1. If I measure Cβ to Cβ between cysteines in the chain, which ones have no partner under 4.7 Å?
2. Would you work out if the chain is rounded, prolate or oblate? Take a ≥ b ≥ c from the square roots of the eigenvalues of the alpha-carbon gyration tensor; rounded if a/c is under 1.5, else prolate when a/b is larger than b/c, oblate otherwise.
3. Count neighbours as other Cβ atoms within 10 Å of each site's Cβ, and list the GluC sites (Glu not before Pro) in region 148-210 that are DSSP loop with at most 10 such neighbours.
4. Can you bin region 1-81 into rounded, prolate or oblate? Criterion: square roots of the alpha carbon gyration tensor eigenvalues sorted a ≥ b ≥ c, rounded for a/c under 1.5, prolate for a/b above b/c, oblate for the rest.
5. What FRET efficiency comes out for the pair Arg95/Glu172, r = Cβ-Cβ distance, R0 = 25 Å, nearest 0.05?
6. Which one, Cys152, Leu92, Leu239, projects farthest toward the positive side of the charge dipole computed for the chain from Cβ point charges (K/R +1, D/E -1)?
7. I'm a student and want to see the number: the projected area of the Cα convex hull of region 94-137, averaged over all directions, in nm².
8. To the nearest 20 Debye, how big is the dipole of the chain about its Cα centre, given +1 on the beta carbon of each Lys and Arg and -1 on that of each Asp and Glu?
Amino acid sequence: MTIQEFPDHESLSQYTAEHIAAIINQKPDALLCLASGDTPIETYHRFVALVKDERVDVSRCTFVGLDEWVGFGPEDAGSCSYYVFRDLFTPLNLRPNQIYVFDAKADDLDAECARIDTLIDSHGGLDLLLVGMGMNGHIALNEPGTPFTLGCHVSELAESTKTVGQKYFTQETPLTKGITLGLRHLTEAHDVILLVSGAKKAPTLRDALKGPVTEQVPASIIQNRPNVQVWIDKAAGSLLT
């Protein structure tokens, strides 16, 4: 694990966008998994600008969805994939065969997990995994108590995740389960970026980076992972010494 602090969200986002471009320029057929959520939106806008400026070519890349609310899909405003399509996949004009997201409306969710596991494993792991961190320390929808060794799986959402998840919807929406990449994929990815921004994440970030490595704080897994780069803005890092 390495930690790098940036003065603000804008500089963090620009640096991350350029790093994604550099990985693709080094490996044009890279397999990438990029999270949804508020923190990476500006990164995606800046990455799209790099593509449009022809500083990077994404035509041979494959993109994997990180997670999804069970019962929702890309066509549902508020879903995880809705935002990734809006901010990244659609502006990049990706072909359908470049995109693999969970079908969280499928009758057989275990088969969906196996499909994405097989895709990632067949590539020898992700070339880049970009994730954020939830207020309870979750990464993707790996909630506190999730074994570090799991691959893709269906998760029972923590109450705090159900509450925070409401901000993505225009009206109160029942959220009960998620389908998600597991922390095994983080340990096996070639390059992992944990993006954390804002003062409200500072206490959880301190616990994840300075506290014990425990499944009760999923993000703490990164402490002994040399493939993880933790990129934060000054506000998020305010409680680190």
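1. Cys33, Cys61, Cys80
2. Values: a/c = 1.29, a/b = 1.03, b/c = 1.25.
It is rounded, given that a/c, with a ≥ b ≥ c, falls under 1.5.
3. Working: sites: Glu156, Glu159, Glu172, Glu188; in loops: Glu172.
Taking region 148-210 and a limit of 10 other Cβ atoms within 10 Å, the loop GluC sites (Glu not before Pro) found are Glu172.
4. Details: a/c = 1.78, a/b = 1.25, b/c = 1.42.
Here region 1-81 falls in the oblate category.
5. Details: r = 36 Å, r/R0 = 1.44.
About 0.10, to the nearest 0.05.
6. Leu239
7. Computed as one quarter of the Cα hull surface, the answer is 4.8 nm².
8. On the way: 19 positive and 32 negative charges, 104 e Å.
With Lys and Arg at +1 and Asp and Glu at -1, about 500 debye.
Laboratory data are not the source of any read-out in this text; all were calculated from the coordinates shown. This is a predicted model, so every value here is computed, not measured. Virtual Cβ from ideal backbone geometry, glycine too; neighbours counted across all protein chains shown.
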